[in-house]
1. Tell me which residues, restricted to the stretch 172-191, are within 23 Å of ARG230 (Cα to Cα), surrounded by 20 or more Cβ atoms within 10 Å (Cβ to Cβ) and within 16 Å of ligand 1 (Cβ to nearest atom).
2. In the stretch 214-223, is there at least one residue being farther than 20 Å from ARG47 by Cβ and either surrounded by fewer than 17 Cβ atoms within 10 Å (Cβ to Cβ) or not small (Gly, Ala, Ser) (or both)?
3. What helices (runs of 4 or more DSSP H), lying completely within the stretch 63-171, carry at least 1 residues that are open to solvent by less than 60 Å² (accessible area, probe 1.4 Å) and touching a Lys or Arg at 6+ places or on another chain (Cβ under 9 Å)?
4. Any residue in the stretch 23-44 that is within 14 Å of LEU59 (Cα to Cα) and open to solvent by less than 40 Å² (accessible area, probe 1.4 Å) sitting within a Cβ distance under 8 Å of a residue that is of a type in the set (A, V, I, L, M) and in a loop (DSSP other than H, G, I, E, B)? List the pairs, counting only those 6 or more apart or interchain.
5. Can you find, within the stretch 194-206, the residue that is nearest to ligand 3 (Cβ to nearest atom) among those that are touching a helix residue (DSSP H, G or I) at 6+ places or on another chain (Cβ under 6 Å) and either in contact (Cβ under 8 Å) with a residue 40 or more places away in the chain or assigned to a loop (DSSP other than H, G, I, E, B) (or both)?
6. List pairs: first in the stretch 115-126 and over 13 Å from TRP105 (Cα atoms), second open to solvent by 50 Å² or more (accessible area, probe 1.4 Å), Cβ under 7 Å, 6+ apart or cross-chain?
7. Of all residues in the stretch 11-20, which are open to solvent by 10 Å² or more (accessible area, probe 1.4 Å) and either more than 16 Å from ligand 3 (Cβ to nearest atom) or not hydrophobic (A, V, I, L, M, F, W, C) (or both)?
8. Mind listing just one residue for me: the one in the stretch 186-234 that is in contact with a strand residue (DSSP E or B) (Cβ under 6 Å, 6 or more places away or on another chain) and more than 13 Å from ligand 2 (Cβ to nearest atom) and, of those, nearest to ILE142 (Cα to Cα)?
Amino acid sequence: MGSGLQPERARHVAIIMDGNGRWAKKRALPRAVGHQRGVEAVRRLVRSLAGTGLECLTLYAFSSENWKRPDEEVDDLMNLMRRFIKSDLPEFIENKVKLKIIGDWQSLAPDIVAMLEDALAQTADGTQTLAVALNYGGQHEIARAAAKAAAQAAADGGEISIETIAAHLDTADLPPLDLLIRTSGEVRLSNFLLWQAAYAEMLFVDTLWPDFEPAHLARALDDFARRERRYGGR
Ligand code: IPE
Ligand code: IPE
Ligand code: MG
């Protein structure tokens, strides 16, 4: 760790998939087409997962703030979700991709919750994790984890610590976050993985999400391997 001599291979990469709307606008197409093309970028990336050597890829698909968008756009996004799970689940199983969902996904429409539960069960023995953040907000995730850590401390007389909070985050069973990528040129976290990003490397690229290719991820992983991580030491 941190010596700079040994290239460090990333285990866990997360992506804020941003820019579908601008991709469509540039082509005078409806936003829905941008989202559709965004799903295709996800599909390409998931198909390339085996070659990346990653243990986990986490994708920000719908934030807890995205409910503020017009109903029609929210409906489009939910319908894309339904179609994507239905069409790609057999491939996930075949390719040993283990699905995981983070965020308050249990409060989505009942048919989506049922589809996701089925997909989780059917991919449970996969070897590489695809974590999808749905109705996800980092501040709320931390608040939920802190409340659980406090309840546990009250019950067993233990303390509330970094470890007890981390153990109750949605990502508790995932490797530490190595690299966080955001597409579309925006340089902000938009409430994504706030706790987990504490020592993650960051990469902000101008590429709009529908144009993001597996080669972009491969390049980001090469770039990551050359970075020196210090974790506050020297
Ligand atoms: C990202 O693209 C997709 C979601 C947030 C669901 P946007 O829809 O945010 O695209 P821009 O930022 O308007 O270009
Ligand atoms: C973040 O993108 C959420 C997802 C990519 C799912 P937004 O487009 O919603 O973020 P802001 O509004 O630009 O911060
Ligand atoms: Mg956006």
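1. Once the filter is applied, which keeps residues that are within 23 Å of ARG230 (Cα to Cα), surrounded by 20 or more Cβ atoms within 10 Å (Cβ to Cβ) and within 16 Å of ligand 1 (Cβ to nearest atom), the stretch 172-191 yields LEU180, ILE181, ARG182.
2. Let us first name the residues in the stretch 214-223 that are farther than 20 Å from ARG47 by Cβ, namely 223.
In the following step, the residues that additionally are either surrounded by fewer than 17 Cβ atoms within 10 Å (Cβ to Cβ) or not small (Gly, Ala, Ser) (or both) were identified as 223.
For the stretch 214-223, residues farther than 20 Å from ARG47 by Cβ and either surrounded by fewer than 17 Cβ atoms within 10 Å (Cβ to Cβ) or not small (Gly, Ala, Ser) (or both): present.
3. On the way: elements: 71-94, 110-122, 138-156, 162-166.
So the answer is 71-94, 110-122, 162-166.
4. Correct list of pairs: GLY38/MET17; ALA41/MET17; VAL42/MET17.
5. LEU194
6. Partner pairs satisfying both residue conditions: GLN122/ILE93; THR123/ILE93; THR123/LYS98; ALA124/LYS98; GLY126/LYS96; GLY126/LYS98.
7. Correct list: ARG11, ASP18, ASN20.
8. ALA197
The values are calculated or read from the model by the stated rules, or taken from the named source; none is laboratory data. Just so it is clear, the structure is predicted and the values come from calculations on it, not from any experiment. Cβ sites come from the backbone with ideal geometry, for glycine too, and all protein chains shown count toward neighbours. The protein model used for the area step is the full one, side chains on, heavy atoms only, and it has no ligands, DNA or RNA in it. Shrake-Rupley method; radii C 1.70, N 1.55, O 1.52, S 1.80 Å.
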